[in-house]
Each structure stands twice: as C-alpha cells, then as structure tokens.
1. Confirm whether Phe25 is aromatic (Phe, Trp, Tyr) and within 26 Å of the chain's Cα centre (by Cα).
2. If I go through the stretch 166-193 residue by residue, how many of them are over 25 Å from Met126 (Cβ atoms) and open to solvent by 60 Å² or more (accessible area, probe 1.4 Å)?
3. Considering each of Leu135, Leu162 in turn, give the residue that is in a helix (DSSP H, G or I), at pLDDT 95 or above and within 12 Å of the chain's Cα centre (by Cα).
4. Only one of (1) within 30 Å of Ala27 (Cα to Cα); (2) open to solvent by 60 Å² or more (accessible area, probe 1.4 Å); (3) among the hydrophobic types (A, V, I, L, M, F, W, C) fails for Val160. Which number is that?
5. Out of curiosity, is Asp69 of a type outside the set (Lys, Arg) and either on the phi > 0 side of the Ramachandran plot or free of Cβ contacts under 8 Å to residues at least 60 places away in the same chain (or both)?
6. Restricting the search to the stretch 29-84, which residues are more than 21 Å from Asp163 (Cβ to Cβ) and among the β-branched types (Val, Ile, Thr)?
7. Just to be sure I understand the filter: pairs with C-beta atoms under 7 Å, separated by 6 or more residues or on different chains, first member in the stretch 130-148 and more than 15 Å from Ser83 (Cα to Cα), second member charged (D, E, K, R) and in a helix (DSSP H, G or I). Which pairs pass?
8. Take Asp143 and tell me if it is open to solvent by 80 Å² or more (accessible area, probe 1.4 Å) and either in contact with a helix residue (DSSP H, G or I) (Cβ under 6 Å, 6 or more places away or on another chain) or part of a helix (DSSP H, G or I) (or both).
Amino acid sequence: MAEGLRERKKRETRQRIADIAMGLFMARGFDDVTVADVARAADVSVNTVFNYFGTKEDLFADRQDVAVDLPAQAVRGRRPGESVVRAFRRDFLDALDTRDWRYGFNEGNDVFARMVDASQALTARMRELHDRRELELARALADEFDASPDDLTPHVVAAVILDTTRVVSERAVRRRLAGESWDDIAPDVRAAAERAFDLLESGLAGYGTRPAQALAGGAGEERGDEDEHHEHERED
C-alpha cells in the first residue's frame with residue numbers, strides 16, 4: 001500500500017526532529033541538550049517532540065526499532081542451504097565492505113560512540129538495545145526452528161552470535177577513536193571476523209585444549225618430584 005500524504009508528512013516531521021536533535025547532541029553533548037532545546041531548534045512544541053519520541057534517548061536512537069529487527073531479518077533472509085552462522089558472516093562482511101551502519105561501520109560512527117561513552121544514560125540505552133536485539137533474534141530462531149518454550153538453544157545461539165559481532169565491531173570503532181582510518185582498519189577487521197565466524201562454525205569443543213605432550217610432561221614432572229620426596233624419606 002502506498003504511503004498517504006498524512007503518513008509521509010508525519011514521517012518527514014519525525015525525521016527532521018531527529019536530525020536536528022542529533023546535530024545538537026553532536027555539537028554540545030547529549031547530557032547538555034534538553035528536549036526543550038530540540039523543540040526550539042525544530043520550531044515545534046515540546047509536546048510535539050514527545051508525540052514522536054517517548055524519551056530524549058529515543059531522539060538519539062531514532063532507528064532503534066529497525067536495529068532491533070535487523071538480526072531477525074538476517075535469519076529469515078538466509079539463502080537455501082545457508083546456516084544461521086553463515087548468514088550472519090555474509091551480512092557482517094557485506095556491512096563492512098559497504099560501510100553500512102547496521103554493525104557500526106558507517107562513517108561518523110566514532111562520533112556516535114564518543115557521545116555514548118560520555119553519557120551514562122546513553123550507555124544504559126545501548127545496553128538495553130543490545131538486550132532487545134538478542135531477545136528478538138532468539139524469538140526469530142525459536143519460530144524458525146519450532147523450538148519449545150523451555151529450549152535454551154535459540155537464546156544461547158542469539159547471545160553468542162550477537163556478542164561476536166559486537167566484540168569485532170567495537171574493536172574497529174575503538175581504533176577509529178584512536179585516529180586510524182577505515183582503510184587501515186578494514187583488512188584487520190575482516191580477518192578478525194573471519195576467524196571469529198570460523199570459531200562459531202567449528203564450535204568451541206577444541207578451544208583451549210592443552211596439548212597431550214604438555215599433559216604427559218607435566219604428569220612426569222609431578223611423578224619425578226614425588227619419587228624424589230620418597231627417596232629423601234628413605235635416607236632419613
């Protein structure tokens with residue numbers, strides 16, 4: 001169904017308010033901007049702002065509903081014969097190559113990250129957003145594979161996949177904050193992502209296993225120490 005004139009105007013007004021708010025947040029910092037400041041700059045009433053955004057944090061995270069749904073879309077949009085992990089690998093690397101915002105690879109995300117770091121309210125909101133994404137992904141996985149309500153598998157898979165993408169993305173953003181360019185960072189991020197997804201695909205069963213030779217050597221050393229102790233006892 002085509003978007004009506006009323007819906008289009010509402011969408012445009014919402015976007016204009018969000019854009020003006022972000023400009024103020026970038027210039028002055030999130031905590032130093034009030035909703036009244038945003039309303040004045042947008043030439044609307046405070047009530048109008050709250051008609052579109054429930055809280056000041058919603059002005060900052062104006063695409064949060066889209067962000068929450070994106071992981072579930074990756075699951076539903078996987079190709080024939082493609083596993084969930086493979087679908088996320090493809091989606092993640094595509095976002096890296098195209099500098100897309102869905103994993104934080106867009107230009108200017110370092111500014112976004114700096115504002116979040118400077119505000120406890122935004123840090124809490126981003127943590128809440130991550131939790132919502134994880135829950136929605138778990139629900140999508142449960143629906144997709146008809147899991148029972150007490151099956152923890154969808155929740156474990158959702159947590160592991162999203163934490164993997166978050167860790168790799170945050171490492172890239174920290175390097176941007178340190179002044180490195182995306183061109184310098186991208187090859188390392190791709191390599192790290194490939195290793196991380198390889199680990200997810202192969203499983204963690206062998207991760208951190210101590211080599212058998214080291215175990216045997218350690219046991220021998222312990223036995224040697226024990227024999228030497230008994231030898232001293234006999235001499236006494």
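The values are calculated or read from the model by the stated rules, or taken from the named source; none is laboratory data. This is a predicted model, so every value here is computed, not measured. Counting neighbours? That spans all protein chains shown, and the Cβs are built from the backbone with ideal geometry, glycine included. Heavy atoms of the whole protein, side chains included, go into the accessibility calculation; ligands, DNA and RNA do not. Shrake-Rupley method; radii C 1.70, N 1.55, O 1.52, S 1.80 Å.
1. Yes: the conditions hold for Phe25.
2. 3
3. That would be Leu162, the only listed residue that is in a helix (DSSP H, G or I), at pLDDT 95 or above and within 12 Å of the chain's Cα centre (by Cα).
4. (1)
5. no
6. Val33, Thr34, Val35, Val38, Val44, Val46, Thr48, Val49, Thr55, listed by residue number.
7. His130/Arg166; Glu136/Asp69
8. So Asp143 fits the description; yes.
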